[in-house]
Amino acid sequence: MSNQIIQGILLGGYYALIACGLSFMFSVMRIINLAHGSLAVLSAFALWLLASRFHISPFLGLLIVLPLMAAIGWALQRFLLERSARGGALLPILTTFGLAIVIDNLLFEQFGADTRSLAPFIGSLSYDSWEWPGNIYVGKLAVIIFMTAVVLLGGLQLFLTHTGLGRSIRATSADPDTAGLVGVDARRAMAVAAAIAMVTVGLAGAFLGMRATFDPYAGAPQLLFAFEAAVIGGAGSLWGTLIGGIVLALAQTLGAQVHPQGFLIGGHVAFLIALFIRLSASGLGLRGLLRLPARKAS
Amino acid sequence: MSAVAPLIERGTATSRIAAIAAALIIALLAIAPQFLSAGAVDRITALFIYVILAAMWNALAGFGGLVSVGQQVFFGLGAYFSIRLANAGLNPFVALFVSAIVVGAASWPISLFMLRLKNGEFAIGMWVIAALTHLLVNLDRLVQGETGTSLISLNVYDASTRRVTIYWLALASMTALLAVLFGLLRGSTGAAIRAIRDNEDAAASIGVRVTGTKRLLFVLAAFGIGIAGALWLATSITFQPKTYFNVQWTAYMIFMVLVGGIGTFEGAILGALLFFLIETWFGSAGVWYLIGLGATALVFSLLLPRGLWGTLEERFGWRLLPVGYRVRLPINATDTTGEIASPVQTTTSREKA
């Protein structure tokens, strides 16, 4: 049992990683990006292409793909989100959903229905493991993913509270007009935030490809995992996302124990329970993510 | 100008003609199977189902401000409950409608959860509900997971009776749902719905029952989409959970409503008609067809968020089936303010220069 808990916690690191960009964009731009999962899969395909065609290791490939993802984030904000957000809260949902359909089907058109993995390109890392006391084996890759999630979430927290750019992003998200009055370039702050969010999505896509298989339509489940982790994480800080990811993974592990098909059901049920608790306690939930540092700083 | 009383209008000559035309079209459609080929009857049945889907999603999103990407849950449940009820011995045609009532009833507890969510959270929360329901339906032994099952009890009817009966049921369901929606939107509930969409807090402050009204729309949309799912099952016989709980159904609804004109009664119908034509012509293009749909939805939401009908309505003042009231200044007053006032201003500014 303790083995399953440890594996669950490590899987939670991946969920926190993929949830990170979603909740970051939501808290800053007030937009839930429905193309989130599809963009992660896009990044995985880009790394797969670099590895299989040009023999570039996925880790080196990140040096190319992450800046590319940042550029996509910037463009996304400038050309799609900024424009559609002016039409009210509903249009960005429709815009990003349309974008997801386009990305998924373009990937299908380009790569077909085959499932792929980045595992063959990272040598023995995909199956290497450490033996822990109590006859527990933990995968090196799973630990790397977990550590990346912790560093990324912590780094984002520090960036938002301790840098000028981070403060201007927070100011813009709180009140763009007032931020503008005190000399913050709101458009730039939002575009930078979107670029940062897409870098985290790119990383999540890389780890998705290394730890599992993916196909052109794998974006939707990733989006749901990210959303569930963020909602379960609920109020608090970016660390809430990490807790949410771990709870989601543990619920899935537990679900799989109960029934052969219980893995996904367990996660969805955990999401509903978290939602129920949150609604009855009228907590802040996803909305409250990143709010804590803002309050601390003020 | 202030002396001129504004006209408050609803029914116009055009809208009265449109209402008569709509009645004629429905009457014509009712007798159409006698002249149409079997294939055409099937295709037009699909069109009726698309109109239901578009109108119901538009009721929820366009009038209620509730964008859901999980409406496939009700489509799938409509088909699933039909299978279950028919398996329990109910006449398959009756099962289709009882199933929709069950779907409507099931949507009530879902609404207790989901209507507490806002915007994007509601949209994707519904998607989670759809994913969960899909998995739970797969657990049913009758369904046998993704293998699915069939509505075998329809086999006692011969093919042509079946085809025409389903056609008429679809036409009747579409007409009834559109009529109910039209009546609802024209009445005081309609005013409440639009008030909530425009500003929820303001609506609540003047005594609109926000939660109750939203719940009504939510249940109506679930019921309508449940009928659509049940009818789709009747036309295709086989039930595979993957096909019915596929998010593409919601994608189609979004496409139809966005292109036709979100929040306009006529727009959803126009969108369904356009989608039907596009599917007939380009559906065989496979993946490029889907890319085209996604891209079109994207472009419309960015450049023409009011859709085709909304834009035409704005430009030409068209009202075929008016659900709201319109305040308009009498013709001569518009002339004074619109046509004469601006040249006067231009001359004064020129004189100053």
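The values are calculated or read from the model by the stated rules, or taken from the named source; none is laboratory data. What you are looking at is a predicted structure, and each value in this text was computed from that prediction instead of being measured. Note that each Cβ is placed from the backbone with ideal geometry, even for glycine, and that neighbours are counted across all protein chains shown.
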*Test: residue B:303 is farther than 30 Å from residue B:144 by Cβ, of a type in the set (A, V, I, L, M) and in contact (Cβ under 8 Å) with a residue 24 or more places away in the chain*: no
*Would it be correct to say that residue B:35 is out of contact with any helix residue (DSSP H, G or I) (no Cβ under 9 Å at 6 or more places or on another chain) and at pLDDT below 90?*
yes
_For residue B:55, only one of the following conditions fails: (1) more than 14 Å from chain A (Cβ to nearest Cβ); (2) more than 17 Å from residue B:261 (Cα to Cα); (3) under 18 Å from the mean Cα position of the chain (by Cα). What is its number?_
(2)
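Picking from A:38, A:52, which residue would you name as being under 13 Å from the mean Cα position of the chain (by Cα) and of a type in the set (S, T, N, Q)?
On the way: A:52 fails: under 13 Å from the mean Cα position of the chain (by Cα).
None of the others qualify; the one that does is A:38.
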*asked:* Being within 11 Å of residue B:309 (Cβ to Cβ), among the small types (Gly, Ala, Ser) and surrounded by fewer than 24 Cβ atoms within 10 Å (Cβ to Cβ) is the requirement here; does residue B:263 meet it?
replied: yes
*Qualifying residue in region A:142-162 (condition: without any contact (Cβ under 8 Å) to a residue 12 or more places away in the chain and farther than 22 Å from residue A:22 by Cβ)*: yes
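Matching residues to (1) surrounded by fewer than 24 Cβ atoms within 10 Å (Cβ to Cβ); (2) within 26 Å of residue B:269 (Cβ to Cβ); (3) in contact (Cβ under 8 Å) with a residue 60 or more places away in the chain; (4) within 14 Å of chain A (Cβ to nearest Cβ):
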| residue | (1), (2), (3), (4) |
| --- | --- |
| B:73 | no, yes, yes, yes |
| B:76 | no, yes, yes, no |
| B:89 | yes, no, no, no |
| B:97 | yes, yes, yes, no |
| B:104 | yes, yes, yes, no |
| B:123 | no, yes, no, yes |
| B:134 | yes, no, yes, yes |
*Considering each of A:214, A:271 in turn, give the residue that is buried (at least 18 other Cβ atoms within 10 Å of the Cβ), modelled with pLDDT of 95 or more and either closer than 13 Å to residue A:15 by Cβ or touching a helix residue (DSSP H, G or I) at 6+ places or on another chain (Cβ under 9 Å) (or both).*
A:214
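May I ask you to verify whether residue A:50 is buried (at least 24 other Cβ atoms within 10 Å of the Cβ) and modelled with pLDDT of 90 or more? Steps first, please.
Numbers: buried (at least 24 other Cβ atoms within 10 Å of the Cβ): no; modelled with pLDDT of 90 or more: yes.
For residue A:50, the condition - buried (at least 24 other Cβ atoms within 10 Å of the Cβ) and modelled with pLDDT of 90 or more - is not met.
Can you go through A:231, A:192, A:201 and tell me which one is within 13 Å of the chain's Cα centre (by Cα) and either surrounded by fewer than 23 Cβ atoms within 10 Å (Cβ to Cβ) or away from chain B (no Cβ under 12 Å) (or both)? Working first, answer last.
Details: A:231 fails: either surrounded by fewer than 23 Cβ atoms within 10 Å (Cβ to Cβ) or away from chain B (no Cβ under 12 Å) (or both); A:192 fails: within 13 Å of the chain's Cα centre (by Cα).
None of the others qualify; the one that does is A:201.
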*Considering only region A:28-110, give the helices (runs of 4 or more DSSP H) lying wholly within it that have at least 3 residues that are more than 14 Å from chain B (Cβ to nearest Cβ) and small (Gly, Ala, Ser).*
A:36-54, A:58-75
*Exactly one condition in (1) surrounded by fewer than 19 Cβ atoms within 10 Å (Cβ to Cβ); (2) free of Cβ contacts under 8 Å to residues at least 12 places away in the same chain; (3) of a type outside the set (Asp, Glu); (4) assigned to a helix (DSSP H, G or I) is not met by residue B:153; state its number.*
(2)
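Residue-by-condition table, conditions (1) at negative phi; (2) over 24 Å from the mean Cα position of the chain (by Cα):
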position	(1), (2)
A:97	yes, no
A:101	yes, no
A:104	yes, no
A:108	yes, no
A:112	no, yes
A:121	yes, no
A:124	yes, yes
A:133	yes, yes
A:136	yes, yes
*Of all helices (runs of 4 or more DSSP H) completely enclosed by region B:180-265, which ones contain at least 2 residues that are touching a residue at least 24 places away in the same chain (Cβ under 8 Å), within 14 Å of another protein chain (Cβ to nearest Cβ) and under 23 Å from residue B:142 (Cβ atoms)?*
B:241-244
*On the given criteria, is residue A:115 of a type in the set (Ser, Thr, Tyr) and within 14 Å of chain B (Cβ to nearest Cβ)?*
no
*What tally of residues in region A:206-221 results from selecting those that are more than 17 Å from residue A:33 (Cβ to Cβ), outside any helix (DSSP H, G or I) and not hydroxyl-bearing (Ser, Thr, Tyr)?*
4
*Among (1) more than 16 Å from residue B:83 (Cα to Cα); (2) away from every other protein chain (no Cβ under 14 Å); (3) assigned to a loop (DSSP other than H, G, I, E, B), the one test that residue B:116 misses*: (2)
_Condition met for residue A:94 (surrounded by 13 or more Cβ atoms within 10 Å (Cβ to Cβ) and modelled with pLDDT under 95)_ = yes
*Positions within region A:234-280 being part of a loop (DSSP other than H, G, I, E, B) and more than 11 Å from chain B (Cβ to nearest Cβ), in sequence order*: A:234, A:235, A:236, A:237
*Just need a number here: residues in region A:39-95 that are of a type in the set (S, T, N, Q) and more than 19 Å from residue A:126 (Cβ to Cβ).*
3
*Among the numbered criteria (1) surrounded by fewer than 18 Cβ atoms within 10 Å (Cβ to Cβ); (2) under 20 Å from residue B:177 (Cβ atoms); (3) of a type outside the set (Val, Ile, Thr); (4) within 14 Å of chain A (Cβ to nearest Cβ), which single criterion is violated by residue B:286?*
(2)
*asked:* β-branched (Val, Ile, Thr), within 14 Å of another protein chain (Cβ to nearest Cβ) and either part of a helix (DSSP H, G or I) or within 20 Å of the chain's Cα centre (by Cα) (or both): is that true of residue B:280 in this structure?
replied: no
*Right, residue A:130: of a type outside the set (D, E, K, R), more than 12 Å from every other protein chain (Cβ to nearest Cβ) and touching a Leu at 6+ places or on another chain (Cβ under 8 Å) or not?*
no
